[in-house]
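Notes follow once the structure below has been shown.
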Amino acid sequence: MHFWFIINYTDDEDLQIGDILSPLNLSISTDIVLAHYRDGYYELIDVFNYGKIQGNSLEYATLGTWSEINGIKLIVNRFKYYSRWNFHNLTLRAVSVILERPKVFKPEMLTGLAYTAGVSAMTKITAQLLNVLMEQHNFRFNYTIAVTNSLLWGEQDISCTCARIFPKWLDWVDIFFPATTTLETKFYYLIPDKGVGDYENRFLTPMSSGVWWCSCATGVACIIILATAARIESRPEPHVYAFFSVFATTCQQEYEDGVQIIQQAFSSQGRRLILLVIGLTSMLLYNYYTSSVVSWLLNAAVPTLDNLDALMKSDLELVFEDIGYTRGWLDNPGFFYYSGYKNPKEDELRNKKVIKGKRTVPLLQPVNTGIELIRTGGYAYHTEPYTAYQAISKTFDETELCNLGYLQMMQPAHVYIMAQRHSPYKQFFIWSLMRLQERGHVKAARSRIGDYSFACSGRAPRALALGQAAPAFALLAEAILLAIFILIIEKLWHRLNTLERRLILRNNHVDS
């Protein structure tokens, strides 16, 4: 199923054939077979070049023979690149991208497993895969660190990084399958702890100083109310009675000072009220605390901004990593790089939060500076997860990690190695990369970079959102209203009974 271009020649034409083929821009994908006649059969000789433009000479390899009697007999009947395995240290031209061009470039910057400032995860994964191919097929790269149209003009052979591909880009470059990894970007920010509405701001953190102060304030208020009621009831030591009653109730005990109420007109309404208030407050704090513990156990996500509308409504100031595609997105309205399709929300975000937004710091920031801005609580920083992880994992403490939120800007998108248009190496590299994927090299290269996800471990207390605690406060308000209603009914009933007894006594007095 493969087409050959066969040239018949004799020994006297060796020099002429060589002169004809040598100047041609032959490559590894060339399919030319010379048929050399030898005593009744033809010897078939494969002629190709690993790369004429790289200065390589013609390569000759015997394929087999052909005769009218025996037909074709191939020595090796397999895919041609197995016979063209060794590139004899051929130098291919490779272009790559580093955020800040180094004064002295070393290939280890691309292939090293450790984080290198300015080198993205997809570049490192690509470099590792190509490094495997270099060792297997004995070729090397001459690197160029630049952002140009060199692939379009045929000045470079291959890109030592990946890119997200749009349909119109296929008119400029060739891409190699399969995809090496994925690219995604996010806005990182600290979840706001103030404000109402879409923020879902945090309430009290369990076991924090705020909880203790609220409990103490509630206890003091209860003591004051109970002391006032005890004084009205003419107790000998109202302050002692009030304090020990509240303390005993907090300990789920009962306290009675032994003093009997002399006047029947007064009842221990203050004690009933304080028991009601402390009981409901304890229930509120207990429910709120246990719900937080359950949320840890269920590993529930903290309240975050869930879409671009919420981000635009927030008070967060947007800052971006200074990288090529971000500059393209900022400078070209209508360039929907993050969505990959026409999305009015991207234009609205760019117009409202970038072009017309109030700025306190420059829009483009390096990674370390951007992460430090996140820690102040007033900024959302846009970058790749791999890049953000390098700074966040070293500087954020447990509490900050639990308060860290993110909004997905670009969904994970496949990225591909690129080459010049109509590249003679396209078929070879697609075949080679598919072999690497089948043998697990692609998965291994991704794993070597490491997992760059970070999340709250659950050891630090997590506060409920105000919206989540609202039912408890609603229940408390209902109970207070119910208590006031019961108190009014009791007072009316007491007055009616008192009035009725007086009428009865008066009638009895008249009859007598």
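Which one of these is β-branched (Val, Ile, Thr), in contact with a His (Cβ under 8 Å, 6 or more places away or on another chain) and without any contact (Cβ under 8 Å) to a residue 24 or more places away in the chain: ILE17, ILE45, ILE69?
ILE45
Can you go through CYS222, CYS160 and tell me which one is open to solvent by less than 20 Å² (accessible area, probe 1.4 Å) and at pLDDT 90 or above?
CYS160
As an exercise: evaluate MET134 against (1) closer than 26 Å to ASP322 by Cα; (2) open to solvent by 30 Å² or more (accessible area, probe 1.4 Å) and give the number of the one condition it does not meet.
(1)
Could you grab me the full set of residues in segment 54-84 that are more than 17 Å from GLN427 (Cβ to Cβ) and part of a loop (DSSP other than H, G, I, E, B)?
GLN54, GLY55, ASN56, SER57, LEU58, GLU68, ILE69, ASN70, ILE75, VAL76, ASN77
Go through segment 312-346 and report how many residues are touching a residue at least 40 places away in the same chain (Cβ under 8 Å) and open to solvent by 70 Å² or more (accessible area, probe 1.4 Å).
Residues in segment 312-346 being touching a residue at least 40 places away in the same chain (Cβ under 8 Å) and open to solvent by 70 Å² or more (accessible area, probe 1.4 Å): 2 in total.
Kindly indicate which of THR126, THR91, THR182 is in contact (Cβ under 8 Å) with a residue 40 or more places away in the chain, farther than 23 Å from GLY328 by Cβ, open to solvent by less than 60 Å² (accessible area, probe 1.4 Å) and among the polar types (S, T, N, Q).
Going through THR126, THR91, THR182 in turn, just one is in contact (Cβ under 8 Å) with a residue 40 or more places away in the chain, farther than 23 Å from GLY328 by Cβ, open to solvent by less than 60 Å² (accessible area, probe 1.4 Å) and among the polar types (S, T, N, Q): THR91.
When only residues in segment 292-311 that are over 16 Å from MET409 (Cβ atoms) and buried (at least 16 other Cβ atoms within 10 Å of the Cβ) count, which is modelled with the lowest pLDDT?
TRP296
Restricting to segment 130-146, name every residue that is under 19 Å from ILE98 (Cβ atoms) and either hydrophobic (A, V, I, L, M, F, W, C) or part of a helix (DSSP H, G or I) (or both).
Within segment 130-146, LEU130, ASN131, PHE141, ILE145, ALA146 qualify.
Hey, could you check segment 5-42 for residues that are modelled with pLDDT of 90 or more and over 54 Å from the mean Cα position of the chain (by Cα) and say which is nearest to PHE87 (Cα to Cα)?
By that ranking, first place goes to TYR42.
Select from segment 108-125 the residues that are touching a helix residue (DSSP H, G or I) at 6+ places or on another chain (Cβ under 8 Å) and either farther than 24 Å from THR185 by Cβ or in a helix (DSSP H, G or I) (or both) and list them in ascending order.
Answer for segment 108-125, where residues must be touching a helix residue (DSSP H, G or I) at 6+ places or on another chain (Cβ under 8 Å) and either farther than 24 Å from THR185 by Cβ or in a helix (DSSP H, G or I) (or both): LEU110, THR111, ALA121, THR123, LYS124, ILE125.
For segment 429-471, which positions are crowded, with 16+ Cβ neighbours inside 10 Å, modelled with pLDDT under 85 and of a type outside the set (A, V, I, L, M, F, W, C)?
TYR452, PRO461, ARG462, GLN468
How many residues are over 54 Å from the mean Cα position of the chain (by Cα), surrounded by 18 or more Cβ atoms within 10 Å (Cβ to Cβ) and either of a type outside the set (S, T, N, Q) or closer than 19 Å to PRO23 by Cβ (or both) if we restrict to segment 46-82?
Counting residues in segment 46-82 that are over 54 Å from the mean Cα position of the chain (by Cα), surrounded by 18 or more Cβ atoms within 10 Å (Cβ to Cβ) and either of a type outside the set (S, T, N, Q) or closer than 19 Å to PRO23 by Cβ (or both) gives 0.
The values are calculated or read from the model by the stated rules, or taken from the named source; none is laboratory data. This structure is a prediction, so every number in the text was calculated from the model and none was measured. As a convention, Cβ positions derive from the backbone with ideal geometry for all residues, glycine included, and neighbour counts pool all protein chains shown. Side chains included, ligands, DNA and RNA excluded: accessible areas come from the protein's heavy atoms. Shrake-Rupley method; radii C 1.70, N 1.55, O 1.52, S 1.80 Å.
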